[in-house]
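The values are calculated or read from the model by the stated rules, or taken from the named source; none is laboratory data. Since the model is a prediction, treat every value here as computed from it, not as a measurement. As a convention, Cβ positions derive from the backbone with ideal geometry for all residues, glycine included, and neighbour counts pool all protein chains shown. Only protein heavy atoms, including side chains, enter the accessible area calculation; ligands, DNA and RNA are left aside. Shrake-Rupley method; radii C 1.70, N 1.55, O 1.52, S 1.80 Å.
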Amino acid sequence: MISIIIIILGIIMIAAAFYAIHSKSLLSAIISAGVISLLASVVYLLLAAPDVAMTEAAIGSGLTTIIFIFTLRKIKKGGLDD
Amino acid sequence: MINRIFILLALLGLILMFLPFLKDFDFHDQLGDLSSQYVEGSINDLNSQNVVTSVVVTYRGLDTLGEVTVLFLATAGIGFLLRTKKRSKKSRKSSELLQTASQFLLVLIILTGIYIFLHGHLTPGGGFQGGVLIATAFLLLILADANVEFNHKVLHLVESFSGTFYVLIGFLGLLLLGMNSFLDPTIIPLGSFGKLLSAGAIPVIYSLVGLKVGSELTTILDKMGGE
Amino acid sequence: MIFSLILGFILLIIGLYGMLTQKNLIKIVIGFSIVDTGTHIIIVSIGYLRGKTAPIIDNAVDLANAAKQVVDPIPSALVLTAIVIGLAVTALMLSFIIKLYHKNRSLSISDYQELKW
């Protein structure tokens, strides 16, 4: 049962990874990288590592995505203003 | 074009390197000697329910200290790279909903973070997860108002005090229990198994790690997200 | 779990491919974070033991022979710290990118050839 769920999640993750690499839009690439991390946290939970799952859900899919988006916003605005 | 071919050849070589590893990988159905010693030591010597916590804080405690140092250095690097001389005052109003909700949710999210790192030795979670939750509470403030100003004195004070006390607790072990006991949690009485006040100094150390990670990540978010 | 091991390797290869072929600096960092996730999945799946529970000793686990009922705690502890380090390194790389963009007004790696030979 666990193997089937991991295979399904893995197919979605690999598709999201290809989309993140080949997408023309930077925002879509960032969001799909976040999706990979979110699904990875489910995989960790199935592999009986709840501590790692919590960390990955909070850091990998939350803060990393936000930091990428902040960077994108700073670049769209034309860098720093000093 | 020639580049693309070389890259594909390199990746193919990497895959060929991995394949024997995958083929000969044998799955044990028993824990190794070191791991079973950690599990039994966590129950009998440390009174800590969460074995991952006792590995992170005690058995591999020096590595965690080094890891927190790397986090500090990365934060210092970001603060150095993204320093701004003046903050622009053109404010971009976010929606009413976000502003009201952020005032209400801030305290709740910080309390959840504190709960998670205080119960690090009982339930999944600990200093890193709790610290990240505290940082997300301040992220909500940044999203609600991009010009929000944090009190940098307080942030730096919390960060440096938690780091200093972390190292001091390590040296306290050396002082009280003799050699080979840097970061030993048995300097505080161990308490009974499964209660909040158990596992000696592990909750104290993990709370300090939580405060340190929280303040450092808040600084990173402030530097990256501030306008 | 052999499937998650294979999944980790595939993610690692895709991330490396992205890092080597893409020209955009932010795309390279995205590839790095995919490599990061793949490596973590590999390490965690090495520690998995079939049919055993998480290394948290509560009522579900028999205290007397707990070591026979839980998965390996060491890979979890390693990955726990590696994820936090990964975030800090990613943030540092992104702030370098902001600084580079501010200096040269370009996100393409082809415009930064000072050290190319």
Determine the per residue accessible area of the range A:2-76 with all protein chains present and a 1.4 angstrom probe, expressed in square angstrom. 37 Å²
Only Cα pairs under 8 Å and at least 6 apart count here; give the relative contact order of the range C:1-113 as a rounded whole percent. 29 percent
For C:48-61, mean number of other protein chain Cβ atoms within 10 Å: 6
Using only Cα atoms, find the angle between the long axis of helix C:2-21 and the longest principal axis of chain C, and express it within 0 to 90 degrees, rounded to the nearest 10. 10 degrees
Between chains B and C, the summed loss of accessible surface on complex formation, probed at 1.4 Å and reported to the nearest 100 square angstrom, is 4000 Å²
Determine the relative contact order of the range A:2-76: mean sequence separation of Cα pairs under 8 Å and six or more apart, normalised by residue count, in whole percent. 27 percent
Relative contact order [Cα under 8 Å, 6+ residues apart], chain B, whole percent: 27 percent
Two-site label geometry, B:V158 and C:S106: point separation in nm, points 7 Å out along Cα→Cβ: 4.3 nm
Mind jotting down a quarter of the surface of the convex hull over the alpha carbons of the protein assembly as shown, in square nanometres, one decimal? 23.0 nm²
Where the range B:6-47 is the region considered: accessible area per residue in Å², 1.4 Å probe: 69 Å²
How much accessible area per residue does the range C:65-117 have, in Å², with a 1.4 Å probe? 49 Å²
Under DSSP H, which helices of chain B have Cα atoms covering 20 Å or more of the helix axis and a Kyte-Doolittle average no less than 1.0? B:2-23, B:61-81, B:96-118, B:127-144, B:152-177
I'm checking a number: the convex hull volume of the Cα atoms of chain C, normalised per residue, in Å³. What is it? 118 Å³
For the protein assembly as shown, give the percent of accessible area contributed by carbon and sulfur heavy atoms, probe 1.4 Å, rounded to a whole number. 69 percent
Cα-Cα over 19 Å: which of A:K77/C:K116; A:K24/B:K93; B:K153/B:K223? A:K77/C:K116; A:K24/B:K93
